[in-house]
Structures are given as structure tokens and as C-alpha cells.
Amino acid sequence: MKRIPRISATSRPASLGAVVLLALTSASVAAADDGQGPLGVTVDAAATRQSARVGALFGADRADRPDGGHFCTASVVHSERGDLIVTAAHCVAGADDGLVFVPGYRNGKTPYGVWKVTRRYLPGGWAEGRDGDEDSDLAFAAVAERDGERLEDVVGANRFTPGTETGATAVTVTGYPDSHDTPITCTNRPAPHSRTQQRIDCPDFTGGTSGSPWVNGDHQVVGVLGGHDQGGTTPDTSYSVVLGEEAAELYREATGGTREG
């Protein structure tokens, strides 16, 4: 499990929209390069426009400021509204109403602002407050505008791209371990774990990295850290659901739906 539990004395269940996300299958191959540098080596992520699309999830106080430590990772994905992030379902299922996303978070600083989560889009079991199926461990969330600006206009976005063959190219995984206030990153080629799960070998992805995007050389999100054992039980191997048609359905719901959480 690579999510850090949160404790809140004022938490209450959110009303979440449900979309049934069943077993996920892969489809076409996306062209991408294999990145730069050695594979399977984890380093601190440099502060770049690309890494700014990845951020930390926090609980929030009544003024919508981060409250306590970061507990999961999320990243910005393209949408017409420019307000969408993707993470693991187990990161946001049953979370209280106070939730904020901090892109590019580093050492307590919020260079791109703090963005309040206003809606969540989860698969059925997760949305209903039950422990969900690990093959559906994927979620989206929308954030409010900040000072009249949309999140995507501030930091840009990767494209959510289901249907990419597992291992077609190397991917870069970037996330926030609970022991770090800066993100770490690693590039490697994922491999199938099962028909519905994919795995990647990258060291030091401990608790807090759930929700980390797997991004190929075309800036496409082809995996999200979670799934099997909620992302894995060891720091050196992580998992993601295989993103297929049902993941695409959830994305369509998030980009065009009106369900609120």
C-alpha cells in the first residue's frame, strides 16, 4: 500500500459519483521514445514544467490550505475544462470534503498555488464507500479555478491515453514518498503482471507515491501507481491497472459529467 492514511477529527463522507470500472485490457501501441539516462534508477525530480504537472494531495483546513502531511500523488491530465487531475481510487475514496492538490510542491513551498478539489469521479465500489476492486484503482478529480485561472493553464497537462500496450515504451514515474518533501522520479519499461495489472521496477517508491503517473515520451499517461496491493507492498516494485476501455469510460465521465463529490 503506497498511500499514507490521514486522520481528521472533522472528516465526513463525500457524496461521490459512480462509474463501474471493470477488468481493464490493453489495445493499441503508442509511439514514444525510451527517455534519457539509465533505466530503473530513482533520483530527485528536477523542478521543470513537466514535473510541475505532478503534485501532492493534502487534507485541507477550513481556509483550503494544506493541513498535515501529503498522503498521495496526483497529476494534471488534459480536459476541455482545464481542471482535471488523475490519481488512484484508494487515495480519494471516502476522503473528507477538505482535499487540495499542490502541483510542483517542494519543501513546503507551493510555487503554482493550492487547488481545492471540488468533484471526484470513482468506480462504483470505491464510490460507494466499500473497498474497491484493485483492478479498478483509478480516479479523477476536478479542482476549482484559482484567482480566475485554470489549473491546466498554469502548469500544462499530460494526455490520459488508455489502450496503450504495456511495455511498448519506457515510462517515467514521478511521485511524493511520505519521507520526502520533493518528488522522486524513475524511468523504466513496465511489464505485464496479469491481464489487468502492469508492474514497474523502480526503487524507493514508498508510501505516499500512490497516484503517481506513468508518462511515456509522448507525454501520455499510460498508468497510475496503484492497483495490485494498492500499488505494491515493497518499495522497489510498483503496479498500475492496465488502462483500457473502462478507464476511457471513467475519463469520459470526468471530462463531460456533472456528478459532484
C-alpha center-to-center spacing [region 60-112, region 190-261] in angstrom: 17
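How much net charge surrounds T182 when only other residues with a Cβ under 13 Å from its Cβ are counted (Lys, Arg +1; Asp, Glu -1)?
Values: positive: R106, K109; negative: D44, D178, D181, D204.
Residues close to T182 contribute a combined charge of -2.
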Alpha-carbon Debye profile of region 162-261, log10 I(q)/I(0) at 0.10 Å⁻¹: -0.27
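More than 19 angstrom separation, counting every C-alpha pair in region 32-112; what % is that? Don't skip to the answer; put the middle values down first.
Values: 1492 of 3240 pairs.
For region 32-112, the share of Cα pairs beyond 19 Å comes to 46 percent.
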Spin-label model distance (nm) - E245 vs A46, 7 Å beyond Cα toward Cβ: 4.2
Kirkwood Rh and Cα Rg combined as Rg/Rh, region 19-256: 0.93
Under 10 Å, Cβ to Cβ, from E145 - net charge with Lys/Arg +1 and Asp/Glu -1: 0
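At 0.36 nm per residue, minus the direct Cα-Cα distance, what do D201 and A63 gain on full extension? Give it in nm, one decimal, please.
Details: separation 138, 0.36 × 138 = 49.68 nm, distance 3.93 nm.
Taking 0.36 nm per residue and subtracting the Cα distance, the gain is 45.7 nm.
Among rounded, prolate and oblate, which fits region 64-181 when a ≥ b ≥ c are the square roots of the eigenvalues of its C-alpha gyration tensor, a/c under 1.5 means rounded, and a/b larger than b/c means prolate?
Values: a/c = 1.36, a/b = 1.17, b/c = 1.16.
Rounded, since a/c falls under 1.5.
Laboratory data are not the source of any read-out in this text; all were calculated from the coordinates shown. Worth saying up front: this structure is predicted, and the values here are computed from it rather than measured. With ideal geometry, Cβ positions are generated from the backbone for all residues, glycine too; neighbour counts draw on all protein chains shown.
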